[in-house]
Amino acid sequence: MDFMKLLTPRPGLRVLITGGASGIGLAIAKAFVSTGARVHVCDVDAKAIDAASTVSPAISGTRADVANKDDVKRVFEDVRRELGGLDVLINNAGIAGPTGGIDAIDSGEWEQTIDVNLNSQYYFSREAVPMLREATDGGVIVFMSSVAGRLGYGFRTPYAATKWAVVGLAKSLAIELGPDNIRVNAVQPGIVKGPRMEGVIAARAKQLGIPYEEMEKQYLAKISLRRMVTQEEVAASVLYLSSPAGSAISGQALSVCGNVETL
Ligand code: NAD
């Protein structure tokens, strides 16, 4: 058995990554490209797409809001043209949503969080599944959940609710699509190093009226490995799930978090 080969996704894999022009999505795009995949990203940020497509000629992109059904249809027209089919869908785009008590959260912000983090996942899955049924060696869907989809997360209720919902979607779709040789899993990043997490920590610090450094210390104390994880560690888990080594894994939620014990 050639385990090195098993651990690498097949070269030429056709991959669509939502919110793929920066952050974790871009790290996943770069990881796939390094294995010889062709990657299409969609993102609301046109400038970030331009920057991402300079990383490699194997990355193409569409400017689209994942919460807009018409935009999603356009993304798939571009995917058909650019990739000619689809083997892997990475439903990565997501927003942090508001921080605050349930009686303080603005209903517009609540709805926007549900639209971007959950409804979009339905729009993309619905369009992708007919293409994934035709995938060369079976299709793969990875939903980006969060450790907030494994643990309760006070004062971030819309975010946590959507990230738990994504796990339910992944587990249910795994049952629905397994007979079509489509594997569906969720990845649950913990506290990922980068500007997004800095914003989350800053918002929580402000809400509690404590300095940023003190808040960061409190976050790390709840992680068994006592450190944040990197975008590349999250990308590596997505590659693993999309590689032949992951060929028997479906319906699972994989936490990549250094074991966050509580939020
Ligand atoms: P990010 O804020 O860096 O955003 C990634 C990309 O998504 C950006 O390029 C942004 O423009 C795009 N995007 C945002 N809203 C969009 C929309 N409506 N339509 C299209 N594109 C949109 O996010 P990230 O930190 O890279 O997180 C990626 C995913 O991982 C999210 O689903 C997030 O919830 C999840 N996650 C992140 C962390 C973390 O600590 N960063 C932890 C757990 C889970």
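So, in region 205-217, of the ones that are open to solvent by less than 70 Å² (accessible area, probe 1.4 Å) and part of a helix (DSSP H, G or I), which residue ends up nearest to residue 88 (Cα to Cα)? Before the answer, list the steps.
Initial filter on region 205-217 (open to solvent by less than 70 Å² (accessible area, probe 1.4 Å)): 205, 209-210, 212, 215-216.
Still in the list and also part of a helix (DSSP H, G or I): 205, 212, 215-216.
On the way: 205: 38, 212: 38, 215: 37, 216: 35 Å.
Taking the candidates together, the pick is 216.
(1) without any contact (Cβ under 8 Å) to a residue 60 or more places away in the chain; (2) more than 10 Å from the ligand (Cβ to nearest atom); (3) of a type in the set (Asp, Glu); (4) farther than 24 Å from residue 198 by Cβ: which one isn't true of residue 115, the others all being true?
Of everything listed in (1) without any contact (Cβ under 8 Å) to a residue 60 or more places away in the chain; (2) more than 10 Å from the ligand (Cβ to nearest atom); (3) of a type in the set (Asp, Glu); (4) farther than 24 Å from residue 198 by Cβ, residue 115 misses just condition (2).
Among the candidates 78, 50, 70, single out the residue that is of a type in the set (Asp, Glu) and under 26 Å from residue 138 (Cα atoms). It would help to see each step written out before you state the result.
Numbers: 50 fails: under 26 Å from residue 138 (Cα atoms); 70 fails: under 26 Å from residue 138 (Cα atoms).
Unique residue meeting the criteria: 78.
Given the criteria among the acidic types (Asp, Glu) and either under 19 Å from residue 25 (Cβ atoms) or open to solvent by less than 10 Å² (accessible area, probe 1.4 Å) (or both), does residue 198 qualify? Talk me through it step by step, then tell me what you get.
Numbers: among the acidic types (Asp, Glu): yes; either under 19 Å from residue 25 (Cβ atoms) or open to solvent by less than 10 Å² (accessible area, probe 1.4 Å) (or both): yes.
Yes.
Considering region 66-77 alone, what residues qualify as being in contact with a strand residue (DSSP E or B) (Cβ under 9 Å, 6 or more places away or on another chain) and under 18 Å from residue 111 (Cα atoms)? Step through it out loud before you land on a result.
From region 66-77, those in contact with a strand residue (DSSP E or B) (Cβ under 9 Å, 6 or more places away or on another chain) are 66, 71-72, 74-77; that's our starting set.
Hit for region 66-77 is 66, nothing else.
Please go through region 242-263 and give me each residue that is aliphatic (A, V, I, L, M), assigned to a loop (DSSP other than H, G, I, E, B) and under 19 Å from the mean Cα position of the chain (by Cα), ordered by number.
249
Listed here are the residues, each with its yes/no results for (1) open to solvent by 20 Å² or more (accessible area, probe 1.4 Å); (2) at pLDDT 95 or above; (3) on the phi > 0 side of the Ramachandran plot.
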position: 187; (1), (2), (3): no, yes, no
position: 190; (1), (2), (3): no, yes, no
position: 193; (1), (2), (3): yes, no, no
position: 232; (1), (2), (3): yes, yes, no
position: 241; (1), (2), (3): no, yes, no
position: 244; (1), (2), (3): yes, yes, no
position: 254; (1), (2), (3): yes, yes, no
position: 257; (1), (2), (3): no, yes, no
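Going through region 6-52 one residue at a time, which ones are outside any strand (DSSP E or B), over 15 Å from residue 93 (Cα atoms) and not aliphatic (A, V, I, L, M)?
Across region 6-52, the qualifying residues are 8, 9, 10, 11, 12, 30, 32, 34, 35, 36, 47, 50.
Count, please, the residues in region 143-192 that happen to be touching a strand residue (DSSP E or B) at 6+ places or on another chain (Cβ under 7 Å) and within 11 Å of the ligand (Cβ to nearest atom).
Here the count works out to 15.
For region 36-76, which positions are of a type in the set (Val, Ile, Thr), open to solvent by less than 80 Å² (accessible area, probe 1.4 Å) and within 12 Å of the ligand (Cβ to nearest atom)?
Taking region 36-76 first, the residues of a type in the set (Val, Ile, Thr) are 39, 41, 44, 49, 54-55, 59, 62, 66, 72, 75.
Among the residues that remain, those that are also open to solvent by less than 80 Å² (accessible area, probe 1.4 Å) are: 39, 41, 49, 55, 59, 62, 66, 72, 75.
Selection gives 41, 49, 62, 66, 72, 75.
Across region 93-110, which residue is farthest from the ligand (Cβ to nearest atom) among those that are open to solvent by 20 Å² or more (accessible area, probe 1.4 Å) and within 23 Å of residue 123 (Cα to Cα)?
107
The values are calculated or read from the model by the stated rules, or taken from the named source; none is laboratory data. Predicted model only: the values in this text are computed from it and were never measured. Note that we place each Cβ from the backbone using ideal geometry, even for glycine, and neighbour counts take in every protein chain shown. What goes into the accessible areas is simple: the full protein's heavy atoms, side chains included, and nothing from ligands, DNA or RNA. Shrake-Rupley method; radii C 1.70, N 1.55, O 1.52, S 1.80 Å.
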